[in-house]
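Below is one structure, written out as structure tokens; the observations come after it.
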Amino acid sequence: MSKIQNLKPEIRYLYDMRKVLYDKKWVKNAKNFPVYYIWRGLKEKNGLRYDITDITSRVLGQEFSKTKGHEHPDSCSELIIVHEGKAFFLFQKTKGKSVKDVYTIPAKSGEVIIAPTGYAHITINPSKRKLKIANWIDEKCKGKYEFIEKMGGACYFYTKSGWIKNKNYDIIPKLRFEKPLKSTPKNLDFLKKCSK
């Protein structure tokens, strides 16, 4: 952990996330604060980059703390490991304003998720404790935030009242739940297929 302490994290503040939050009325009067921290490139191995993200447990109005959400190019996938806390990982595949597929994977410390190619994803902290996750990803892979921002967030928000659909999408299928992996695959070469 000493390497993290010596590096400055990238910080996502509440005001950076205004466009993707459910409770737009609340955020207008809220004070700015850090929602999550990202340490990129803590390790590099065979063209893969290892990052760590800490997501606070603060509630964002009616909604639980989350990442902004992004898409990868169709050739990029990502391996995510939960180090502390609990998470909901939400994945969506869209065509225009219609959602073709959407699912969530609840995961806890020690469990592993693979973010598939062609899906946007967000990470939600539904608990009262900090959430710490790590990821391995092709170092050439860049997240794209524009579509999620334009749509005002992912197709579902996780709130104090449960899952709520984002009305900016035309068609949203019923949310299904999938299971995480119990351990990290030994060979991560499948992640090295990213085109810029």
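What follows draws every value from the coordinates through simple rules; no lab data is involved. These numbers were taken from a predicted model, which means no experiment stands behind them. Every residue, glycine as well, gets a Cβ built from its backbone with ideal geometry; the counts of neighbours run over all protein chains shown.
Quick one: dipole size for the chain, taken about the Cα centre, charges +1 on Lys/Arg Cβ and -1 on Asp/Glu Cβ, in debye to the nearest 20. Working shown, then result.
Numbers: 41 positive and 20 negative charges, 90 e Å.
In debye, rounded to 20, the chain gives about 440.
Which whole number of Å³ per residue matches the convex hull of the alpha-carbon atoms in the chain? Provide the component values of the computation, followed by the final result.
Numbers: hull volume 22.9 nm³, N = 196.
In the chain, the Cα convex hull volume per residue is 117 Å³.
Per residue of segment 35-49, in order, report the coupling 6.51 cos²θ - 1.76 cosθ + 1.60 (Karplus, θ = phi - 60°) as ³J(HN,Hα) in whole Hz, putting x for Gly and Pro.
9, 7, 10, 10, 10, 9, x, 5, 9, 9, 8, 6, x, 9, 10
Which of the peptides 114-125, 179-190 is most tightly packed, and how do the rest follow, judged by the mean count of other Cβ atoms within 10 Å per residue? Could you put the intermediate results ahead of the total?
Details: 114-125: 20.7, 179-190: 11.5.
In descending order of packing, they fall as 114-125, 179-190.
Using a Cα-Cα cut-off of under 16 Å, which lysines could be cross-linked to Lys186, ignoring same-chain neighbours fewer than 8 residues away?
Hits, sequence-local ones excluded: Lys45.
Could you pull out the GluC sites (Glu not before Pro) across segment 110-156 that fall in loop regions by DSSP (anything but H, G, I, E, B) with no more than 11 other Cβ atoms inside 10 Å? Present the calculation step by step, with values, prior to reporting the outcome.
Numbers: sites: Glu111, Glu139, Glu146, Glu149; in loops: Glu111, Glu139.
Loop-located and lightly packed - none at all.
Pull up the cross-link candidates among the aspartates and glutamates for Lys66, meaning alpha carbon to alpha carbon under 16 Å and not fewer than 8 places away within one chain.
Candidates past the 8-residue exclusion: Glu10, Asp16, Asp23, Asp54, Glu84, Glu149.
How about segment 22-61: which chymotrypsin sites (Phe, Trp or Tyr not before Pro) there lie in a loop by DSSP and see at most 15 other Cβ atoms within 10 Å?
Working: sites: Tyr22, Trp26, Tyr36, Tyr37, Trp39, Tyr50; in loops: Tyr22.
For chymotrypsin sites (Phe, Trp or Tyr not before Pro) across segment 22-61 that sit outside H, G, I, E and B with at most 15 neighbouring Cβ atoms in 10 Å, the list is empty.
May I ask for the distance between the Cα centers of segment 141-164 and segment 27-74, given as a whole number of Å?
13
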